[in-house]
Amino acid sequence: MNIIYTVCNRINLAHALALADSVLLHQPNYTFYLCWVDNTPIEVPAHIKLLTIEQAEIPSWKSMEARYYHFELPAACRPWFALALLSLHKDCTNLVFLAPTVLLVKSFEEVINPASDIHLTPNIRKPLAPSMVLDDKRILNIGMFHSGSWMLKPGEKTLKMLKWWAERTIDRAEFDLCNGKNMDQLWLNYTLVWIPETTQIAHPGWHYGLHAILNHDLQMKNGDYYIDGKPLISLDFAGLDYFDPVWSDHVGLLPANTAFQALFSSYKKTLIKYKNSIPANRAPGYGKPAKIRENRILRNNIAAKLKSITAFIDQF
């Protein structure tokens, strides 16, 4: 049995449903699970299986729910849902996680290394092209690997790694870069220590998003999309459609690639058809409420300019 799963709440439910449809189209041999971190009952189409946070039976769920903001909580639950799914399906041979903002546009079979126990997605595979928005130091802060997509084969080593990872998201999965925390993501840095047979996916068409836009040119040719001569396989619109603590600060990179920008515009139109599935109250039922201003990036940019002016005045 092959499983693809995602974890979401009502904020990114429409995105998760769009992902599920793309999985049905391009990976029909995989069972898709929507793992629900919210307290509102939902109905999903027949090609989606639903696993709620209550069914996952996370031992420290109450303390996690009280500790984390609503945008941190689903990420902290990701390894726990992986363990729950593997416990539920002993016959699972491949487990794939994709963030709700991911969209498949082609089968990903060609990126799979059958000899590998786990596949990770590097944020970058070479020094970043110069940019005022994103630099190598910021990638170091957020981690070597993108937690929006990974794959593993169940086994003794991978289960030990998953349990180790899950235990750390109980109380160390805040978004707090100054104290070396970045939700579930930084723990992936240790995967190569746990599992030497780790494949770092190098296909440029895999998981294209804001992290890749500076180093890889997405182009449309004869109706299909290619990156560095390779076909586009999957996209990640993290940071673009709703607040993402890692990638929303880098939304200024979107105009750097017109093809990606056009795909995002099309994606937003696609999400409209899932609007009726979203609970009327947009505030997630679990996790601490977070007041995220719509103009936060503009305010941060103004604050940075004012700071540079005052630093100039202080200097002279």
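The values are calculated or read from the model by the stated rules, or taken from the named source; none is laboratory data. Not measured: the values here are computed from a predicted model. Note that each Cβ is placed from the backbone with ideal geometry, even for glycine, and that neighbours are counted across all protein chains shown.
So the values come out like this:
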quantity: Extreme residue, nearest to Glu167 (Cα to Cα), among residues of region 77-89 that are among the hydrophobic types (A, V, I, L, M, F, W, C) and in contact with a helix residue (DSSP H, G or I) (Cβ under 6 Å, 6 or more places away or on another chain); calculated: Trp80
quantity: Filter result for the condition that a residue is touching a Ser or Thr at 6+ places or on another chain (Cβ under 9 Å) and of a type in the set (Val, Ile, Thr), over Ile272, Ile233; calculated: Ile233
quantity: Matching residues in region 10-44 - criterion: being outside any helix (DSSP H, G or I), farther than 22 Å from Ile292 by Cβ and of a type outside the set (Phe, Trp, Tyr); calculated: Gln27, Pro28, Asn29, Thr31, Leu34, Cys35, Pro41, Ile42, Glu43, Val44
quantity: Residue within region 151-163 that is closer than 22 Å to Leu263 by Cα and not polar (S, T, N, Q) present; calculated: no
quantity: Subset of region 216-240 (residues that are surrounded by 13 or more Cβ atoms within 10 Å (Cβ to Cβ) and among the charged types (D, E, K, R)); calculated: Asp217, Lys230, Asp236
quantity: Matching residues in region 158-188 - criterion: being surrounded by fewer than 16 Cβ atoms within 10 Å (Cβ to Cβ), modelled with pLDDT of 95 or more and either in contact with a His (Cβ under 7 Å, 6 or more places away or on another chain) or in a helix (DSSP H, G or I) (or both); calculated: Leu159, Lys160, Lys163, Trp164, Glu167
quantity: Hits in region 6-19 (condition: among the small types (Gly, Ala, Ser) and surrounded by 24 or more Cβ atoms within 10 Å (Cβ to Cβ)); calculated: Ala16
quantity: Unmet requirement for Ile213, which otherwise passes all of (1) in a strand (DSSP E or B); (2) among the aliphatic types (A, V, I, L, M); (3) crowded, with 21+ Cβ neighbours inside 10 Å; calculated: (1)
quantity: Index of the failed condition, Gln261 passing every other in (1) free of Cβ contacts under 8 Å to residues at least 24 places away in the same chain; (2) closer than 26 Å to Pro41 by Cβ; (3) in a helix (DSSP H, G or I); calculated: (2)
quantity: Qualifying residue in region 82-102 (condition: touching a strand residue (DSSP E or B) at 6+ places or on another chain (Cβ under 7 Å), part of a helix (DSSP H, G or I) and under 25 Å from Lys288 (Cα atoms)); calculated: yes
quantity: Cβ pairs under 6 Å, 6+ apart, first in region 202-221 and over 18 Å from Asp136 (Cα atoms), second of a type in the set (Asp, Glu) and exposed (fewer than 15 other Cβ atoms within 10 Å of the Cβ); calculated: Pro204/Asp228
quantity: Pick from region 23-42, criterion over 16 Å from the mean Cα position of the chain (by Cα) and touching a residue at least 60 places away in the same chain (Cβ under 8 Å), ranking: surrounded by the fewest Cβ atoms within 10 Å (Cβ to Cβ); calculated: Leu25
quantity: Every residue from region 45-81 that is part of a loop (DSSP other than H, G, I, E, B) and either buried (at least 21 other Cβ atoms within 10 Å of the Cβ) or not small (Gly, Ala, Ser) (or both); calculated: Pro45, His47, Glu57, Ile58, Pro59, Tyr68, His70, Phe71, Glu72
quantity: Residue within region 118-137 that is within 21 Å of Asp184 (Cβ to Cβ), touching a Leu at 6+ places or on another chain (Cβ under 7 Å), surrounded by fewer than 17 Cβ atoms within 10 Å (Cβ to Cβ) and modelled with pLDDT under 95 present; calculated: no
quantity: Condition check for Val7: of a type in the set (Val, Ile, Thr), modelled with pLDDT of 95 or more and outside any helix (DSSP H, G or I); calculated: yes
